[in-house]
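These notes are about the structure you will find just below.
Each value in this text was obtained by applying a stated rule to the coordinates, not by laboratory testing. Predicted model, so just to flag it, every value in this text is computed and none were measured. As a convention, Cβ positions derive from the backbone with ideal geometry for all residues, glycine included, and neighbour counts pool all protein chains shown.
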Amino acid sequence: MYEYLSNNCTCTCILGAFMLLWVLVWFYRDNLEITKVSEKHVFVTGCDSGFGHLLCKRLDKRGFRVLAGCLTEKGADDLKRATGPFLKTCILDVTSTASIQKALEWTKNEVGDKGLWGLVNNAGRSLPMGPSEWMKIEDFESTLKVNMTGVIEMTMNFFPLVKKARGRVVNVASVLGRVAANGGGYCISKFAVESFSDCLRRDIQNFGVNVCIIEPGFFKTQVTSLEPIERELHRLWNQLTPEVKESYGDRYLDKYINIQRLIMNTICDSDLSKVTNCMEHALLAVHPRTRYSAGWDAKLLWIPLSYMPACIVDIALKLVLPKPAKSV
């Protein structure tokens with residue numbers, strides 16, 4: 001009996017020592033950073049505001065040569081005023097092939113023979129979001145063109161430059177690319193970004209290029225601003241036929257909006273640096289992670305929920321969303 005307990009204790013100690021060593025090695029590798037940052041170019045899309053705007057300012061302070069794609073002249077001017085002389089901007093609409101090609105030629109001239117160290121596909125839109133039955137095909141397409149097709153077209157065009165530098169592609173997905181919590185193109189597009197990133201990473205793993213996925217939770221940006229969300233929900237409601245409106249009931253829209261207000265006011269985090277910290281690590285780390293989850297709700301709610309059986313997720317969302325007037 002004593003010998004049995006002694007052997008068990010020895011095995012436990014060996015296992016504990018191995019796990020401790022593994023954790024220490026992981027932390028050491030995770031904190032290793034690249035050198036010669038000032039010689040590396042990073043292209044970021046969607047830099048007018050939010051995550052992209054903040055990321056550009058932080059990368060500029062780090063010493064990167066930042067190339068910022070902005071949708072508007074005002075966004076570009078605001079960013080240039082807040083950064084140093086090495087940050088450069090261009091006007092970029094990721095839904096336009098001509099605009100992407102123009103940005104690509106500009107980038108080639110900027111990076112020269114060094115290639116592009118990082119491509120951060122940050123540009124995105126969320127609206128319209130709401131019950132799927134309220135959507136028309138153009139409502140889906142308006143979001144998919146930015147969040148899905150835009151990411152793919154940007155990556156395919158800029159990838160030769162990233163491959164040349166043996167750099168990184170950083171794609172901004174979402175926790176709603178793990179759990180489809182509402183209708184519209186947003187969740188669909190973010191699931192697509194997850195899938196595209198996984199496929200790309202596996203296809204190019206022998207070329208020394210890393211593909212990283214950022215999965216933010218809910219943060220206070222233009223994407224989660226209540227005013228446009230409510231405006232779009234009213235637009236969607238007003239385009240419904242009388243029969244569909246009757247099936248949901250007159251009070252359904254108000255209840256749905258109140259739930260959106262509760263969710264956004266309760267969950268949304270105002271500290272955008274939690275997301276840009278992940279983006280920075282993906283660009284600076286010698287061994288970047290495949291996925292980064294940003295925000296307490298991502299880590300404690302959405303990611304764990306994504307591993308649950310579908311019936312559990314369905315029940316959880318059913319408890320949150322209002323019931324239509326003619327529900328079964």
(request) Report yes if SER126 is farther than 18 Å from PHE43 by Cβ, of a type in the set (Gly, Ala, Ser) and either touching a residue at least 12 places away in the same chain (Cβ under 8 Å) or part of a helix (DSSP H, G or I) (or both), otherwise no. (result) yes
(request) Would you mind telling me which numbered condition in (1) more than 26 Å from LYS57 (Cα to Cα); (2) acidic (Asp, Glu); (3) touching a Lys or Arg at 6+ places or on another chain (Cβ under 9 Å) ASP254 fails? (result) (3)
(message) What's the total number of residues in the range 176-206 that are touching a residue at least 24 places away in the same chain (Cβ under 8 Å), within 22 Å of ASP297 (Cα to Cα) and among the aromatic types (Phe, Trp, Tyr)?
(response) 1
